[in-house]
There are 2 protein chains.
Amino acid sequence: MSDKFFDAHKDTLSAAVSASDTREYWSPYPEMPSPKVYGETGAADGEAAFKAYLGKAFEIDQPSTGDMIGDEASPFGIELGTSYPAPDVDALIAASTSAGRAWGRASIEARVGVCMEALARINARSFEMAHAVMHTTGQAYMMAFQAGGPHAQDRALEAVAYAWREMTRTPATARWEKPQGKRDPLVMEKKFYIVPRGIGLVIGCATFPTWNSYPGIFADLATGNSVIVKPHPKAILPLAISVTIIREVLVEAGFDANVITLAVDTLEAPIAADLALRPEIRLVDFTGGSEFGNWLEENARQALVFTEKSGVNSIVIDSTDNMKGLVGNLAFTLSLYSGQMCTTTQDIFVPKGGIETDEGHKSFDQVAEAIAKGVEAFLADDARAVQILGAIQADATMERIASAEATGKTILKSRAVTHPDFAEARVQTPVIIKTDAGDTELISAECFGPVSYIIATADTAASLEMVRKMTQTKGALSFGVYSTSEEVLEAAEEVAMDGGVAVSMNLTGGVFVNQTAAFSDYHGTGANPAANAALSDAAYVASRFRVVQSRRHAA
Amino acid sequence: MSDKFFDAHKDTLSAAVSASDTREYWSPYPEMPSPKVYGETGAADGEAAFKAYLGKAFEIDQPSTGDMIGDEASPFGIELGTSYPAPDVDALIAASTSAGRAWGRASIEARVGVCMEALARINARSFEMAHAVMHTTGQAYMMAFQAGGPHAQDRALEAVAYAWREMTRTPATARWEKPQGKRDPLVMEKKFYIVPRGIGLVIGCATFPTWNSYPGIFADLATGNSVIVKPHPKAILPLAISVTIIREVLVEAGFDANVITLAVDTLEAPIAADLALRPEIRLVDFTGGSEFGNWLEENARQALVFTEKSGVNSIVIDSTDNMKGLVGNLAFTLSLYSGQMCTTTQDIFVPKGGIETDEGHKSFDQVAEAIAKGVEAFLADDARAVQILGAIQADATMERIASAEATGKTILKSRAVTHPDFAEARVQTPVIIKTDAGDTELISAECFGPVSYIIATADTAASLEMVRKMTQTKGALSFGVYSTSEEVLEAAEEVAMDGGVAVSMNLTGGVFVNQTAAFSDYHGTGANPAANAALSDAAYVASRFRVVQSRRHAA
């Protein structure tokens, strides 16, 4: 195998390794859907490519039962109708095992080269991916482009960079020379081989099929494991496209395409649990609800299991010198993708006695009202609102909106928004509920979607204590605090450390508590029940492979 | 807290990091018990210090029920009679949690400094440790000095070096500046904190109490976890001494001594299983039998569990250009510490048609006989034999010797050796059994102790295939091959990769298949059932801590 792909991308790899070391800003994949970057016809070509999948059988040549399945539905209401080969699970696993052998024995450079070339090609198809992500997840177009495209590619490359660094820290060979006093030294020649664990199963989610699955896929591939991708039945296309691109590069590099395969299922006949228990599956990466995530951790004992599950994300408001910025920042956070992010804030804790601000003292009710009004104003214009909100992905989320309103505690009700381009799009503005710290059952259960609680507490210390406890018991993937007091910010850092959650302080501009930047921000920590791993750190990759050594006396 | 300990040892740390990168020979702890290194009175002082423990209550001030327990017995027959405070488990865990708080928040330098100062002091007490290890494990004096002292210290430092490197690869702070076209860039100041998981439980074994426990203890400590050490009831003293030395350094550095505590139990009233299931225990390191190791992996779900269990270690003999060297090397391997090493070879596969050697063709029987005679001759002199064999640690090992002889397949029987210094020492030479590949039940079950099988196979390909299968199903921590054919050696490397076991080729000199050198050889791989981790690699340390970040807009 030549290392042409590795050679072509080694500077990018080196920059990625360096960025993950310094954690400064860096990205090789431009996030703006600009014709200058992606070509004058890029947008149109991408849309055409997407449309070509609709109502058709998706072409991928891998072991299948012969049945074609798929029931994706666009939250924007367009007809999809793409069908995919139903996997013959036994044959698929056999093919994955067989393909994995040469892949696991290939050089680190060959594997990393394939990963990086695949990412470059995936990047070039970001417009196509934008439509695929948009019409499966309900993300608005710009978000689908960024989060489904370049930002997901960043996270993939980050995982490759970590894998590269961990694999190459062990030298390929060593000469070991131990002095023996006056006698000749003992001299051994040693070789060290990186060996994979087996097959990695990557189970995708419905809301971020690429962003959340790429790290596991690319970490597994880089470290020599073959991969079976099991997309969420409602978000198959983005991963199907990704898998075919990777397969194409694999074949060009002289490998078996089945190093990566697609295992599609339906909501009616799910296969993830069976797959995850197969002895050949030695790695599982899962993003989704806590129930199945915890089941995987408990039951897929033959595998290393990496999970990102659900939790309850909080913000503590103590005081601010920029009330307008606070409200604007929160309005965006609560509205973005209708709160269908695992990092969206659910619980906003405010002292019942109110807070000090640059606009003077604000009572608890005034703060709650400011946030509710801020969200309302931010989404007042339908044409603009749909670009932020996207559409509601799941029926269950619609039901949660209804349940939240049925509590009778709403200070902002959800409004159905008419999409100018998609008449049947299911677009809803957020619900905001006002309650107090005693309402524990409500506030300590995750309510995935556009539902947030503004919660009156005794004081900021009580707010922080609630976050500490909730994060430790329910888990969290984000945490924010607003305060003009360094003492409170330090206390919030202590809560963050105790709860094992990243903290964002006084966000009033263009950075949001629910967004993380690859190479700089870790997504998740692995230190609370919301996730048992972080994207990406050394722990995320270091046990995906093992080192086998060979030693002999030096000639 | 000052960083005086870190400053004192930082060059050693830096050399350790470098050695683990290059995997060349290096050790800061001299393995020869030389007065030039350890002082003119070192040997006598160490012996006196050891004797001072005998028949006494071991002094360690930590939460206890008030009872004194302990039933260690010297395999060399001397009276021990040291007693230890029985732990009050609830109080011990509470004390560990409380002590762990400041420890987890301390700087990386402060923690690593304490670890390295403790290791320096443990090194200075290597003679005392030699006696403690010898009279609990049955290791001969020289081995107890080396494996219980400097070699164990090497493995500890190696774990600290890996922990240091993984913790410091994330910067403490970063400035993230994202361009925004013509607008001002987004600029965030970020802080990254290393946070521990909780309490680490380290469960020691009876044969290598320090060597096998130090990596877990020091990896946990370096990464900010408090540690509870649960020694094997028959090998408490070496870990008790180690723990008190670490406690002394902790206090000098301004920390609570209970960052590390000792939880002693007895064979009659074991506490490891209960301890391992406590929610506060977030890390478990275990060395010992597969049954309890597998139980821990299955049941201690709240913790990360690192195990080194049992397996069946093999050597494949295909051909040799140094028959004498082969026999000599094997005689040492099979005799050392009466085979009571998790790395000792059990199964020796030889083609039934015999092998080519520098002494001409040798039939299978001739090879078997040469090995048996080699062992016999090597141990012919009692005074020399006891220095290699040490004594039998467990009654169960004596029973395994008897069972092996009862098979009626022995070509070498075990001989009771009289120890010139210890009349009641339980010293036995190895049993060697001759059988064939069809005797699967016998050869595929671990028989811990001085029992080996020389097994006739169809040919070398069949030998290698048996090793592949056995390693994958039963696990192995060592694998050796003898061949003059590069093709066979390559095939053996393939088996090593498939079985996830390190391979040693054509060892005919002073390096033995059952010995690994810290900083260069990995002990275990984590890739077969004998162990789920390797000592030490990045995977061994990287998930013992998590990274929590804090970000805010730059001022």
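With contributions of -39500 (n - 2.57) from each DSSP H run of at least four residues, the per-residue ellipticity at 222 nm computed over chain B stands at -13000 deg cm²/dmol.
Restricting the trypsin sites (Lys or Arg not before Pro) of the range B:150-212 to loop positions (DSSP other than H, G, I, E, B) with no more than 11 neighbouring Cβ atoms within 10 Å leaves B:K182. Each residue, A:E494 and A:E189, gets one label point 7 Å from its Cα in the Cβ direction; the gap between the two is 6.0 nm. At a Förster radius of 56 Å, what calculated FRET efficiency corresponds to the Cβ-Cβ distance of A:E79 and A:A462, to the nearest 0.05? Computed FRET efficiency for A:E79 and A:A462 comes out at 0.65.
Taking the centroid of alpha carbons for each part, the range A:422-445 and the range B:337-360 are 70 Å apart.
Remark on A:S226: its backbone amide H falls under 5 Å from those of A:G198, A:G200, a criterion applied only to residues 5 or more positions apart or on other chains, H modelled at 1.01 Å from N.
Axis of helix B:150-168 versus longest Cα principal axis of chain B: the two differ by about 40°, to the nearest ten degrees. A Förster radius of 25 Å, combined with the Cβ-Cβ distance separating A:D7 from A:A172, puts the computed FRET efficiency at roughly 0.90. For the range B:320-326, 3J(HN,Hα) computed residue by residue from phi via the Karplus equation (6.51, -1.76, 1.60; θ = phi - 60°) reads 7, 9, 8, 4, 5, x, 4 Hz, glycine and proline entered as x.
Position A:K373: other-copy label points at 10.2 nm, ordered by increasing distance, label point 7 Å along Cα→C-beta.
Using the Cα gyration tensor of the range A:325-373, with a ≥ b ≥ c the square roots of its eigenvalues, what is the shape: rounded (a/c below 1.5), prolate (a/b larger than b/c) or oblate (neither)? Taking the square roots of the gyration eigenvalues as a ≥ b ≥ c, the range A:325-373 is prolate. Please work out the Cα center distance from the range B:467-511 to the range A:200-256, rounded to the nearest Å. Here the two parts' Cα centres lie 34 Å apart. Distances between copies of B:K4, taken at a point 7 Å out from Cα along the Cα→Cβ vector and listed shortest first: 6.4 nm. Per-residue shielding of A:168-174, expressed as the average number of other chain Cβ atoms within 10 Å of the residue Cβ, stands at 4. Loop sites here are GluC sites (Glu not before Pro) outside DSSP states H, G, I, E and B with no more than 12 other Cβ atoms within 10 Å. The longest part of chain B free of them is B:80-267. Database remark: amide H of B:H523 closer than 5 angstrom to the amide H of B:L535, B:S536 (H placed geometrically; neighbours at sequence offset of 5 or more, or on other chains; Pro and chain starts carry no H). Of the residues B:Q153, B:I108, B:P33, the one whose Cα sits farthest towards the positive end of the charge dipole of chain B is B:I108 (charges of +1 on Lys and Arg Cβ, -1 on Asp and Glu Cβ, taken about the Cα centre). The amide H of A:T65, built 1.01 Å from its N in the peptide plane, has A:A86, A:D88 as neighbours under 5 Å, considering only residues 5 or more places off or on other chains.
For the range A:134-144, backbone phi angles converted through the Karplus equation (6.51, -1.76, 1.60; θ = phi - 60°) give residue-by-residue couplings of 3, 8, 10, 8, x, 5, 5, 4, 5, 5, 4 Hz, Gly and Pro being listed as x.
When B:V251 is represented by a point 7 angstrom out along its Cα-to-C-beta vector, the spacings to that point in the other copies are 7.1 nm, nearest first. Residues in the range A:514-529 carry Karplus couplings, in order, of 8, 10, 10, 9, 4, 6, 10, 8, 7, 9, x, 10, x, 9, 9, x Hz; the curve used is 6.51 cos²θ - 1.76 cosθ + 1.60 with θ = phi - 60°, and Gly or Pro positions show x.
Please say if the range B:73-113 is rounded, prolate or oblate, where rounded means a/c under 1.5 for a ≥ b ≥ c the square roots of the C-alpha gyration tensor eigenvalues, and otherwise the choice is prolate for a/b larger than b/c and oblate otherwise? It comes out oblate by the Cα gyration axes.
In this structure, the pairs whose alpha-carbon distance is over 20 Å, taken from B:K56/B:K234; B:K324/B:K362; A:K373/A:K434; B:K10/B:K190, are B:K10/B:K190. Of the beta bridges in the protein assembly as shown, as assigned by DSSP with both residues counted there, near 40 percent are antiparallel. Among the residues of B:182-192, the average count of other protein chain beta-carbon atoms within 10 Å of the residue beta-carbon is 3. Annotation: the antiparallel percentage among DSSP beta bridges lying fully within the range A:314-505 is about 25. Taking the Cα centre of chain B as origin and assigning +1 to Lys and Arg Cβ atoms and -1 to Asp and Glu Cβ atoms, the resulting dipole is close to 2100 debye. Legend: mean number of C-beta atoms from other chains within 10 angstrom of residue C-beta atoms, peptide B:20-29, equals 4.
Computed from the coordinates by the stated procedures, all read-outs in this text should not be read as laboratory data. Computed from a predicted structure; not experimentally measured. Note that we place each Cβ from the backbone using ideal geometry, even for glycine, and neighbour counts take in every protein chain shown.
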